[in-house]
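Peer 1: The structure that follows is given in the form of structure tokens.
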Amino acid sequence: MQFFDELGSLIEQRWRDKNYHEDSFPALAAQALTDADPISHIDPWEIVRWVHKENQLPNQQDIDAKFGNPPLTLYAGPRFYIDLYFWIDSTTSIHQHAFAGAFQVLLGSSIHSHYRFEQEQPINAHFSTGQVLLNRVDLLKKGDIQRIYPGRQYIHSLFHLDRPSATLTVRTYHSPSGYPQYNYLKPYIAENPFLKETSTIKKIQTVSLLLSIKHPEVDQMISELISISDFHTTFLILNEAFRYLTGNELERVFHISSGRERFHGLLEKARLRHGKLIDLIPPVFDEIQRQSNIIHRRAYLTSSEHRFLLALILNVPDRAKVLDLVKQRFPQKDPVDAVAEWVMELGTTKLLGSPEPNVLGIDYFDEDALFIFRRLLAGRSIEQVKRSIQEEYPVDAAASLLEDTDEIYEAFQNSILLNSILSKSPAPAPQADDGGAP
């Protein structure tokens with residue numbers, strides 16, 4: 001399309017004047033998007049129509065649609081290209097990039113989380129432990145432009161709120177300073193998901209085979225493999241085992257722990273070889289499971305407000321930030337009132353096919369529970385909540401509710417949704433030693 005040919009030529013000229021210095025490209029690309037103003041000239045659906053009519057497209061950079069649903073290359077120059085990415089399914093992956101550039105939101109909106117990684121122990125060139133820490137969260141809307149920097153200076157995640165969303169991206173092909181292109185697993189792991197080491201891949205595939213067919217000696221065989229494996233491979237083995245052994249929803253709801261007990265047995269075998277490093281693994285897997293659980297719940301909700309709330313709970317582990325983002329998206333509402341209203345509605349919404357009583361996963365959520373939740377959401381401690389009950393309820397009703405307050409509070413703590421929105425930030429990582437037995 002002519003618009004993108006002209007935009008590509010503009011960027012090429014400006015970057016050439018900078019001697020193609022990579023560090024200049026994010027600002028240059030962002031300024032070019034600002035100057036060209038694609039929002040005023042481009043309809044994403046017209047681009048789809050153009051693709052349908054055009055017999056010869058620019059050289060497409062991602063034929064297999066590994067990034068975007070789908071990605072469409074609109075300009076391909078010798079040093080950079082311009083893609084339009086449609087997004088149907090949201091992603092929670094925290095990642096860095098091995099390229100530089102900028103993007104603009106053409107359609108929809110998203111939660112944009114910025115992170116940093118404070119490395120504590122590099123295990124190898126593709127795997128490290130440390131702290132994955134949230135810096136800030138922005139609510140991106142149509143027209144917003146963001147620069148993309150290679151490597152750890154730009155660690156982020158994008159959770160698209162609307163279906164579909166679309167982003168226009170100007171990016172280099174590769175930036176050597178951005179490799180390896182890590183993903184980050186909260187709260188403690190950085191890994192290169194693009195590492196392809198044949199023997200490790202086959203080990204993980206055989207572990208999957210044994211677990212899938214429930215081989216009678218599966219735990220023994222996996223334990224033997226763990227006892228001779230490096231920490232990176234051990235992490236991948238345990239990840240596979242965790243998915244199979246703890247993914248039973250009925251076991252979780254009815255507090256049956258056979259699968260989790262088997263997993264803990266494998267953890268202890270790993271601890272014999274790697275010592276306190278193993279303490280970093282359960283919180284990572286618990287966070288992966290938490291995200292999967294919330295994504296599953298969100299898929300069954302149709303209300304845009306409910307889906308927005310679950311997106312916040314999924315991505316923003318900070319009560320104050322959640323309320324701030326609610327205020328940004330719904331400025332006419334009091335954020336505590338809005339969240340409390342949505343939570344009350346979720347407390348009466350059943351999940352299709354789930355044995356749980358409602359989306360919240362607690363047995364009841366009535367007006368008394370809402371009273372307690374609202375005050376916890378406003379930042380009060382449980383002791384302050386109890387004083388509020390004494391002050392605002394009639395004497396007999398207050399006495400009755402105070403008898404149940406601790407139980408209600410415990411139900412909030414056990415709810416994967418309410419615990420997420422009320423809990424504090426993750427604790428610092430346990431201090432790891434250099435491993436156990438050689």
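The values are calculated or read from the model by the stated rules, or taken from the named source; none is laboratory data. None of these values were measured; they are calculated from a predicted model. So basically every Cβ, Gly included, is an ideal-geometry build from the backbone, and we count neighbours across all protein chains shown.
Peer 1: Could we say that Ser93 is surrounded by 19 or more Cβ atoms within 10 Å (Cβ to Cβ), polar (S, T, N, Q) and farther than 26 Å from Asn19 by Cβ here?
Peer 2: No; evaluated as a whole, the condition is false for this residue.
Peer 1: Quick check on my filter: what residues within region 129-155 are part of a strand (DSSP E or B) and more than 19 Å from the chain's Cα centre (by Cα)?
Peer 2: Passing the criteria: Ile145, Arg147, Pro150.
Peer 1: On to the next question. Would you call Ile372 in a helix (DSSP H, G or I), within 18 Å of Leu422 (Cβ to Cβ) and in contact with a Ser or Thr (Cβ under 7 Å, 6 or more places away or on another chain)?
Peer 2: Yes, satisfied.
Peer 1: Still on this model: Which one of the conditions (1) in contact (Cβ under 8 Å) with a residue 24 or more places away in the chain; (2) assigned to a strand (DSSP E or B) does Thr73 fail to meet, given that it meets all the rest?
Peer 2: That leaves (1) as the condition not met.
Peer 1: Tell me whether region 102-118 contains one or more residues that are charged (D, E, K, R) and over 19 Å from the mean Cα position of the chain (by Cα). Working first, answer last.
Peer 2: We begin by selecting, within region 102-118, every residue charged (D, E, K, R); these are 116, 118.
Still in the running and over 19 Å from the mean Cα position of the chain (by Cα): none.
Within region 102-118, none of the residues are charged (D, E, K, R) and over 19 Å from the mean Cα position of the chain (by Cα).
Peer 1: Mind checking which residues of region 1-20 are farther than 20 Å from Gln146 by Cβ and either modelled with pLDDT under 95 or assigned to a helix (DSSP H, G or I) (or both)?
Peer 2: Hits for region 1-20 are Met1, Gln2, Phe3, Asp5, Glu6, Ser9, Glu12, Gln13, Arg16, Asp17.
Peer 1: Still on this structure, please answer the following. Would you mention how many residues in region 351-374 are of a type in the set (Lys, Arg) and under 16 Å from Glu410 (Cβ atoms)? Explain how you work it out, then say what you get.
Peer 2: Going through region 351-374, the residues of a type in the set (Lys, Arg) turn out to be 374.
Cutting the leftovers down to under 16 Å from Glu410 (Cβ atoms) gives us none.
Matching residues across region 351-374 total 0.
Peer 1: Given Val322, Val359, Val336, which one is β-branched (Val, Ile, Thr) and in a loop (DSSP other than H, G, I, E, B)?
Peer 2: Details: Val322 fails: in a loop (DSSP other than H, G, I, E, B); Val336 fails: in a loop (DSSP other than H, G, I, E, B).
Among Val322, Val359, Val336, only Val359 is β-branched (Val, Ile, Thr) and in a loop (DSSP other than H, G, I, E, B).
Here is a yes/no grid of residues against (1) among the hydrophobic types (A, V, I, L, M, F, W, C); (2) within 15 Å of the chain's Cα centre (by Cα); (3) modelled with pLDDT under 95:
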{"position": "His274", "(1), (2), (3)": "no, no, no"}
{"position": "Glu287", "(1), (2), (3)": "no, yes, yes"}
{"position": "Ser303", "(1), (2), (3)": "no, no, yes"}
{"position": "His306", "(1), (2), (3)": "no, no, yes"}
{"position": "Leu309", "(1), (2), (3)": "yes, yes, yes"}
{"position": "Leu314", "(1), (2), (3)": "yes, yes, yes"}
{"position": "Pro317", "(1), (2), (3)": "no, yes, yes"}
{"position": "Ala320", "(1), (2), (3)": "yes, no, yes"}
{"position": "Asp334", "(1), (2), (3)": "no, no, no"}
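Peer 1: I'm trying to understand the selection: among the residues of region 195-208, which are surrounded by 11 or more Cβ atoms within 10 Å (Cβ to Cβ) and either at pLDDT below 95 or hydrophobic (A, V, I, L, M, F, W, C) (or both)?
Peer 2: Leu195, Glu197, Ile201, Ile204, Val207
Peer 1: Any residue in region 125-140 that's closer than 22 Å to Pro193 by Cβ and touching a residue at least 40 places away in the same chain (Cβ under 8 Å): show its pairings with residues that are in a strand (DSSP E or B) and among the aliphatic types (A, V, I, L, M) at Cβ separation under 6 Å, as long as the two are six or more apart or on different chains.
Peer 2: Pairs that qualify, where the first residue is closer than 22 Å to Pro193 by Cβ and touching a residue at least 40 places away in the same chain (Cβ under 8 Å) and the partner is in a strand (DSSP E or B) and among the aliphatic types (A, V, I, L, M), are Ser128/Ala190.
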